[in-house]
Amino acid sequence: MTAAAPAAPVVAIDGTAASGKGTIARALARKLHFDHLDTGALYRAVAALVLRAGGDPASRADALEACKAFRPGIVPDAELRSAAVGEAASQVAVLPEVRAALRDYQISFAAQPPGGRGAVIDGRDIGTVICPAAAAKIFVTAGLEERARRRWREIHARDPAKSYEAVLEELTVRDARDSGRAAAPMKPAPDAVLLDTTDLSIDAAVAAALEAVRGKLEA
Ligand code: CDP
């Protein structure tokens with residue numbers, strides 16, 4: 001009888017909108033040769049499908065209809081990244097049925113990452129709900145005004161009419177909705193390393209995350 005192969009390690013990166021968690025997760029995956037899963041893109045895809053159908057992202061029936069049509073990769077990246085889709089994503093993400101519909105895909109990815117070496121998964125509830133046994137967990141945040149500046153710079157090229165104040169307001173609403181919801185609220189896992197990127201360059205934030213993760217993976 002052969003022993004079961006040990007499960008591939010999972011690095012869980014959770015955090016607030018525009019904190020840098022996606023950039024950090026992609027960089028860690030590249031450096032560790034792990035696969036990366038952006039779980040926000042799953043919620044964004046469900047939201048985009050609701051909007052395409054002319055539905056209401058706060059409606060349970062409309063969101064569940066979109067979940068039935070959902071397949072990874074079904075919505076192009078440019079459509080996923082719009083501010084309207086981000087806002088609608090945080091509305092569909094409140095619904096426990098939507099979270100349940102996306103859970104199996106995330107758990108399977110964590111258990112069997114396509115490359116077989118390990119997975120870096122980013123989102124809001126990875127360390128708390130999807131992979132509570134993750135080998136390493138980081139909760140990334142940054143001051144609200146700095147996050148609003150980053151998000152405003154990101155969207156300015158494609159939406160020059162959008163003001164910094166409007167972006168700040170949207171992030172405030174989204175933070176409150178993400179951390180205030182009953183189903184899998186955004187919060188650091190008790191064993192997560194907290195990483196505040198307010199005053200860090202991307203390189204410095206990635207280096208800090210890598211150091212925290214390497215310590216856990218080698219432990
Ligand atoms: O990039 P940004 O941080 O703005 O957003 P995102 O990570 O793409 O996530 C969009 C929305 O999906 C979030 O505001 C959350 O409401 C929701 N989400 C979630 O509830 N759980 C996750 N694991 C990932 C995203």
>> Condition first: assigned to a helix (DSSP H, G or I), buried (at least 16 other Cβ atoms within 10 Å of the Cβ) and of a type in the set (G, A, S). Now tell me which residues in the stretch 84-94 satisfy that.
In response: G86, A88, A89, S90
> Given the residues R81, R60, R30, which is the only one that is open to solvent by 60 Å² or more (accessible area, probe 1.4 Å) and within 11 Å of the ligand (Cβ to nearest atom)?
Replying inline: R81
>> Return the residues of the stretch 44-57 that are of a type outside the set (A, V, I, L, M) and open to solvent by 60 Å² or more (accessible area, probe 1.4 Å); say none if nothing qualifies.
In response: R52, G54, D56
> Looking only at the stretch 182-219, which residues are within 16 Å of the ligand (Cβ to nearest atom) and in a strand (DSSP E or B)?
Replying inline: L195, D196
>> As an exercise: evaluate A192 against (1) of a type in the set (G, A, S); (2) in contact with a strand residue (DSSP E or B) (Cβ under 8 Å, 6 or more places away or on another chain); (3) open to solvent by 60 Å² or more (accessible area, probe 1.4 Å) and give the number of the one condition it does not meet.
In response: (3)
> If we keep just the residues of the stretch 6-21 that are open to solvent by less than 20 Å² (accessible area, probe 1.4 Å) and not in a loop (DSSP other than H, G, I, E, B), which is farthest from I107 (Cα to Cα)?
Replying inline: G15
> Hey, G116 hits all of (1) open to solvent by 40 Å² or more (accessible area, probe 1.4 Å); (2) within 21 Å of F34 (Cα to Cα); (3) under 17 Å from the mean Cα position of the chain (by Cα) but one; which does it fall short on?
Replying inline: (3)
>> Here are the criteria: (1) within 23 Å of R177 (Cβ to Cβ); (2) in contact with a strand residue (DSSP E or B) (Cβ under 7 Å, 6 or more places away or on another chain). Tell me which single one V98 does not satisfy.
In response: (2)
>> Considering only residues that are at pLDDT 95 or above and more than 8 Å from the ligand (Cβ to nearest atom), which ones fall in the stretch 1-25?
In response: P9, V10, V11, A12, I13, G20, T23, I24, A25
> Hey, any hits in the stretch 138-151 for a residue that's away from the ligand (no atom under 13 Å from the Cβ), surrounded by 23 or more Cβ atoms within 10 Å (Cβ to Cβ) and closer than 20 Å to L37 by Cβ?
Replying inline: yes
> Can G73 be described as open to solvent by 50 Å² or more (accessible area, probe 1.4 Å), modelled with pLDDT of 95 or more and away from the ligand (no atom under 11 Å from the Cβ)?
Replying inline: no
>> Which residue is nearest to A100 (Cα to Cα), if the candidates are limited to the stretch 159-181 and must be part of a loop (DSSP other than H, G, I, E, B) and touching a residue at least 40 places away in the same chain (Cβ under 8 Å)?
In response: R181
> Condition test on A66, is it open to solvent by less than 50 Å² (accessible area, probe 1.4 Å), farther than 18 Å from K21 by Cβ and in contact (Cβ under 8 Å) with a residue 24 or more places away in the chain?
Replying inline: yes
>> Among the residues of the stretch 143-160, are any modelled with pLDDT of 95 or more and within 20 Å of L42 (Cα to Cα)?
In response: no
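Okay, residues lined up against (1) touching an Asp or Glu at 6+ places or on another chain (Cβ under 8 Å); (2) in a helix (DSSP H, G or I):
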| site | (1), (2) |
| --- | --- |
| R103 | no, yes |
| F109 | yes, yes |
| P114 | yes, no |
| A134 | no, no |
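The values are calculated or read from the model by the stated rules, or taken from the named source; none is laboratory data. Computed from a predicted structure; not experimentally measured. Note that each Cβ is placed from the backbone with ideal geometry, even for glycine, and that neighbours are counted across all protein chains shown. Just the protein is used for accessible areas: all its heavy atoms, side chains included, with ligands, DNA and RNA removed. Shrake-Rupley method; radii C 1.70, N 1.55, O 1.52, S 1.80 Å.
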